[in-house]
Amino acid sequence: PADDDAPAAAAPAARADGVVPTGEVVGIVRRSWRERGYAASIDVGDNGAGAAALRAGAKDATNATQTHAVRLLAIPVDRRLPKIRIQTRQASALLDQRIVVVIDDWPIDSPHPRGHYVKSLGPLGDADAETDAVLLEADVDDRLFAPAVHACVPPLPWAFDERAHLGAQPHREDLRSLRVCSVDPPGCRDIDDALSCRVLVDDDDGAETGQLELGVHIADVTSFLRPNTAMDAEARKRGTTTYLVQRRLDMLPKPLTEDICSLRGGVERLAFSVFFRFDAKTCLPVPGVSPRFTKSAIKSSAALTYQEAQELMDDETDESPLTRDLRNINRCARALRKRRVDAGALTLASPEVRFELDASTQDPLDVAMYVTREANQMVEEMMLLANVAAAEAILKAFPSHALLRRHPTPAPRMFDPLLKACAAVGVDIDASSSKTLADSLDAARRPGDPYFNTLLRIVATRCMSQAVYCVSGAHSVNDRVHYGLAAPLYTHFTSPIRRYADVVVHRLLNAALGLERPDASLQDGDALKATAENINSRHRNSQSAGRASVELHTHIFFKKNKAETDARVIRVRANGIIVFVPKFGIEAPVLFDEDDDDAAAGAGAGTGGGEEKEKRRCALDEDAMTVTDPTGKRWRVFDALRVKIEVEELPARRSRLAVRVVRDA
């Protein structure tokens with residue numbers, strides 16, 4: 001979707017004249033060592049301190065605990081960090097372990113900081129141990145919730161109580177008879193949104209009015225997550241739920257996320273609903289009719305997957321009421337999407353990988369790109385509609401204290417990689433505005449190359465900065481826009497189970513509707529700004545952990561399953577190319593090794609050593625977006641090729657996904 005985060009464009013490594021800006025560190029103002037430590041492994045290279053220590057202490061190294069401490073070097077997972085010197089009596093037991101070390105100090109005369117061993121995460125290469133390392137490196141909190149947090153959760157089994165939830169809450173509408181359904185990925189248990197569509201009829205004669213009432217129903221999390229409680233403090237600190245390949249780290253305790261707040265099929269749940277009036281002919285909102293927000297009680301008729309919803313809509317013989325509702329919602333979603341695109345919204349692309357896991361071992365059995373159906377787009381449009389409505393409502397009520405989501409307009413230079421890539425293949429792109437960029441991307445086609453347009457959109461996505469949360473009072477009207485969505489205002493309202501930003505927006509809406517007094521934290525601009533900054537940081541960390549989890553399981557899959565498949569050049573570098581593999585949705589470098597005999601056949605090889613002699617160098621032409629390998633073969637961005645994928649072991653017990661060119665496609 002257009003709101004997905006995209007990495008900011010990298011700054012150029014050198015000026016136009018080829019001079020690389022350099023500097024010198026003259027002082028350290030503050031150490032930023034991570035208190036929880038760093039994931040690492042023991043250096044056991046031939047000349048490493050670990051190997052030497054083990055050889056020296058071989059006589060007494062047969063036991064798990066040695067009689068004396070030995071000095072070792074720990075190699076952090078993060079390659080930006082130096083080796084860390086530690087002392088331990090458990091050297092022999094830690095050789096094959098992924099460990100955690102903490103930095104204590106860094107003597108000015110030492111190339112290595114000093115630290116200490118904290119704990120072992122498990123054997124090197126073990127999926128669970130490496131996943132724990134991923135979370136540590138991304139600074140994602142995977143600790144269990146404290147008893148004080150669990151004490152805030154209503155006891156199970158929880159059930160809707162008509163007297164407590166309707167009688168004592170006259171503002172809450174009873175919508176349990178309204179036909180509602182959710183549409184989510186398979187296996188989703190934290191269901192925080194559902195949809196409804198009702199054909200409006202005249203109260204007097206029962207005739208259809210030509211209008212539809214579309215409802216977006218969101219889990220009413222704030223009825224259970226109260227301000228100034230231990231659970232709220234923990235949710236604010238975590239900021240978001242983190243989704244990994246084989247597990248999920250919740251922002252809130254599971255009894256809330258999977259049961260009490262989850263809008264599961266066939267059970268009564270509390271919701272925060274917003275209704276829109278649509279013209280049945282144009283399938284667009286009726287002009288002059290504002291969205292209506294209300295607290296509600298609903299009973300979902302069905303919890304569908306995207307595939308199930310798509311099959312219902314595609315089955316021409318199915319005329320059930322639920323299927324007709326879905327088709328009406330989808331018709332409106334199509335019209336909304338067209339209106340957004342006409343206004344300049346971008347249809348971007350960001351590869352999403354899907355894994356099929358073994359039920360017992362959780363090892364990946366298959367990996368492929370995630371398939372997006374029209375049902376996905378239907379739900380996306382309804383969520384965007386509700387989020388824009390929420391943004392308008394909270395900004396109207398709190399002009400200087402609304403929590404919004406802004407996507408900054410990219411600086412022209414950020415599109416240089418896209419413009420150069422397109423110019424290299426004779427495609428015109430106008431990036432002067434989101435509208436001209438959207439139109440240019442739509443028109444960019446190459447005969448006989450159906451995947452070319454998707455590649456362009458992937459490159460365009462990566463030219464933009466991330467969307468971020470902000471406080472309205474800290475930004476001018478023009479700075480609040482969401483560039484990718486071509487929306488003057490935007491926020492997040494539709495996922496309060498998994499995003500704290502949505503919790504804040506729900507509380508602002510509660511206050512705007514007069515349902516409760518605004519908490520002091522919502523009226524303190526500095527406190528709200530600090531909350532937004534923490535959410536942004538936690539979101540980035542969560543995204544980083546998710547990507548690292550995908551990379552880890554990709555390695556595990558290809559360690560057991562070598563593959564040969566089609567690929568496309570998506571970037572060129574001074575020492576090789578970056579290829580994208582559509583079948584698996586992965587991206588990896590192909591490094592050209594001039595010392596490899598296979599290079600004569602145009603094969604890509606890994607980074608190798610070789611004798612010191614006159615070497616043939618790659619030649620990079622940044623303007624033409626080409627690189628010529630040592631054999632004279634020229635590679636251009638978007639070129640098709642055939643590659644072999646396997647996992648290659650590296651020194652220091654690291655590994656990498658090795659992609660080598662087999663032949664031109």
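The values are calculated or read from the model by the stated rules, or taken from the named source; none is laboratory data. All values derive from a computational prediction rather than experimental measurement. All Cβ positions, even for glycine, are placed from backbone atoms using ideal geometry, and neighbour counts span all protein chains on display.
If you go through the stretch 411-448 and keep only what is free of Cβ contacts under 8 Å to residues at least 24 places away in the same chain and in contact with a strand residue (DSSP E or B) (Cβ under 8 Å, 6 or more places away or on another chain), you end up with nothing.
For the stretch 618-640, a residue qualifies if it is in a strand (DSSP E or B) and buried (at least 20 other Cβ atoms within 10 Å of the Cβ), and the qualifying residues are VAL627, TRP635.
When you go through ASP314, ASP342 one by one, which is the residue that is farther than 23 Å from PRO185 by Cα, of a type in the set (D, E, K, R) and surrounded by fewer than 18 Cβ atoms within 10 Å (Cβ to Cβ)? Checking each option against the conditions leaves just ASP342. With respect to the stated conditions, TYR306 is surrounded by 20 or more Cβ atoms within 10 Å (Cβ to Cβ) and assigned by TED's automatic domain parsing to the domain that holds ALA545.
Scanning the stretch 78-134 for residues that are loosely packed, with under 15 Cβ neighbours inside 10 Å and of a type in the set (D, E, K, R) yields ASP78, ARG79, ARG80, ASP104, ASP105, ASP109, LYS119, ASP128. The residue that is nearest to LEU166 (Cα to Cα), counting only those in the stretch 283-305 that are of a type in the set (Ser, Thr, Tyr) and in contact with an Asp or Glu (Cβ under 7 Å, 6 or more places away or on another chain), is SER296.
Against the criterion of being under 30 Å from ALA280 (Cα atoms) and assigned by TED's automatic domain parsing to the domain that holds PHE493, ARG339 qualifies. For the stretch 176-196, the criterion of being hydrophobic (A, V, I, L, M, F, W, C) and in a helix (DSSP H, G or I) is met by no residue. Sub-7 Å Cβ pairs linking a first residue in the stretch 319-341 that is without any contact (Cβ under 8 Å) to a residue 60 or more places away in the chain and among the hydrophobic types (A, V, I, L, M, F, W, C) to a second residue that is surrounded by 17 or more Cβ atoms within 10 Å (Cβ to Cβ) and outside any helix (DSSP H, G or I), at least 6 apart or interchain, are ALA335/CYS283, ordered by first then second residue. What do you reckon, is LEU178 in contact with a Gly (Cβ under 9 Å, 6 or more places away or on another chain) and either in the same structural domain as CYS152 (by TED's automatic domain parsing) or closer than 23 Å to PHE275 by Cβ (or both)? Answer is yes for this residue.
When the residues of the stretch 389-441 are filtered to those that are buried (at least 20 other Cβ atoms within 10 Å of the Cβ) and of a type in the set (D, E, K, R), the one that is farthest from ARG462 (Cα to Cα) is ARG405.
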